[in-house]
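Structure first, commentary second.
Throughout, read-outs are computed from the coordinates displayed, never taken from laboratory work. Quick caveat, the model's predicted, so the values are computed rather than measured. Methodologically, a virtual Cβ is constructed for each residue, glycine included, from the backbone with ideal geometry; neighbour enumeration extends over all protein chains shown.
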Amino acid sequence: ENGDAGVEVARSLRILDNGFQHTACMESSITFIDGKRGALRYRDVAIQDLFHEYVYEDVMHLIVWGALPSSEQKDEARIAMGQAAVPPKSVVDVISAFPRDSDTFPMILAGLSAFAASDKIISATRHQQKPMFHGHLEVADQAIMRTISYLATTIALIYCHKNAKPFAQPETGRSLLGNLLLMLGIADPEVEKCLNKLWILYADHEMTNSTAAVLHAASTLTDPTSALIAGIVSGYGPLHGGAIDLAYEAFRQIGTPENVPRFIEGVKRNKARLFGYGHRVYKTRDPRLSLIEELMAAHQDAVDSNPLLRVAMAIDKAAKEDGYFVERGVKANADLMGCFLYTAMGFDTDMITAITILSRAPGVMAHWRESLVQPVKLWRPQQIYVAPLPN
Ligand code: ACO
């Protein structure tokens, strides 16, 4: 008899949780982070084990489908993803319509939209009622593989268009990474070997801002390509993946390690942000950093040839020793350090954030898939209305 009153009480309970620092929005079995101990596990396997024993393609399957793949499963996914990666003319036309010096991220949104506009499988996932997915995730899985491939092709088309390079068509016998490098025209096996490890570290990171944006959109039962677009919009914001571009800009402005102390004092005095530093979850060392250092050691000469790295290392040393950063637990984040591998391998800084977001795409798609088998509940946070002050 108290049913209605109970609903009333539940609906009137409002918690103002600025930045959602204390609010969980999902139950998930994909990724576990212990930010105090510095541990990271995908599907309950430690990141260190995955990094040392597997390549990205295996980890992609593990994250999205919950198990390491058989060779048949790998082949099937390669065929589906390779076919989906071939761009229709409408997508090529959309990308080539942009001036070559356009901002990369709006181009990505346009390319993904052009792919989705003519894909019946993608729109089917939007029109299918969620309970119908139960036990029948074949269409969803097709849509996931297509969405990831669409992002890879869009990034490659943008890179080729901006650099006036020919675009090579993807092939069905290659992995996602193999096809990306083919489309970009990069034929160096060392680059593929290095990215096969680096991408494992970025494949998922539980409820990041962009993953939450994907899930927020997904709660309306939208399709995965549209949900990914929402995630990418979050992903390139300056406090998230876009921090890397700003960090590089700062390194360039600082110029030499001798200018670092003055820069650090400026950050402290103005309470400015040191981009590429700080993390909501890790207050101890990010466990991925030691694995990135292993990769950097294996490519030491190429990494050292980057003059910006000397500036970055001087900042890192200063931040490690300075009480301001130590007390607040502000440390370099893994995305920043991974960038030095990309620059060492010859990637333009302009494309690094985009490629890092691609390496995360299977992770966010795993979350989208997981949301299909949880009870349907539209995400609709509350606000606290505050009356305007009288004039
Ligand atoms: N530079 C300088 N000071 C910082 C930094 C930083 N990068 N990060 C945090 N702090 C300071 C804050 O000023 C604050 O100090 P105060 O207590 O004196 O006010 C304290 O540390 C706590 O910071 P918050 O902003 O409350 O921490 P939050 O968990 O909200 O922020 C965030 C996390 C947004 C990542 C923050 O560290 C930041 O802005 N970093 C710079 C942007 C960046 O590199 N983002 C990439 C994150 S990784 C990724 O998304 C791929």
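List of remarks:
- For segment 228-350, the gyration tensor built on C-alpha atoms gives a rounded shape. Its axis ratio a/c (a ≥ b ≥ c) stays under 1.5.
- For the chain, the Cβ-based charge dipole about the Cα centre amounts to some 920 debye (Lys, Arg positive; Asp, Glu negative; other atoms uncharged).
- Estimated dipole of segment 184-276 in Debye, rounded to 20 [Cβ of Lys and Arg +1, of Asp and Glu -1, Cα centre]: 540 debye
- Computed Kirkwood radius, in angstrom, where 1/r is averaged over Cα pairs of the chain: 22.3 Å
- Arranged from fewest to most other beta-carbon atoms within 10 Å of their beta carbon, Glu265, Glu258 become Glu258, Glu265.
- Extension gain for Asn163-Asn270 works out to 34.7 nm (0.36 nm per residue, less the C-alpha to C-alpha distance).
- Neighbour-limited loop hits for trypsin sites (Lys or Arg not before Pro), segment 248-278 (at most 15 other Cβ within 10 Å; DSSP other than H, G, I, E, B): Lys271
- Ranking of Val64, Val55, Val45, Val386 by neighbouring Cβ atoms within 10 Å, starting from the fewest: Val386, Val45, Val55, Val64.
- Overall dimensions of segment 181-264 by Cα: Rg and Dmax, Å: 17.6, 53
- Stretchable slack from Arg262 to Asp188, in nm (0.36 nm times residue separation minus alpha-carbon distance): 22.6 nm
- Assuming charge only on the beta carbon of Lys and Arg (+1) and of Asp and Glu (-1), the dipole of segment 56-214 about its Cα centre is about 420 debye to the nearest 20.
- FRET efficiency, 1/(1 + (r/R0)^6) with R0 56 Å, evaluated for Ala387 and Ser71 via beta carbons: 0.30
- Size of segment 113-193 as Cα extents on the principal axes (Å, biggest first): 45, 26, 15
- Applying the Karplus relation 6.51 cos²θ - 1.76 cosθ + 1.60 with θ = phi - 60° to segment 21-32 yields 3J(HN,Hα) values of 6, 10, 10, 8, 10, 8, 9, 9, 10, 8, 10, 10 Hz, where x marks Gly and Pro.
- Rough spin-label spacing in nm, given labels placed 7 Å along Cα→Cβ, for Thr220 and Gln48: 4.4 nm
- Taking label points 7 Å from Cα along the Cα-to-Cβ direction, Arg328 and Lys283 give a separation of 1.5 nm.
- Here's how it looks for Ala39: its modeled amide H is under 5 Å from those of Asp34, which are all 5 or more places away or on a different chain.
- Leu239 sits among other residues whose Cβ lies under 14 Å from its own Cβ, and their net charge, with Lys and Arg +1 and Asp and Glu -1, is 0.
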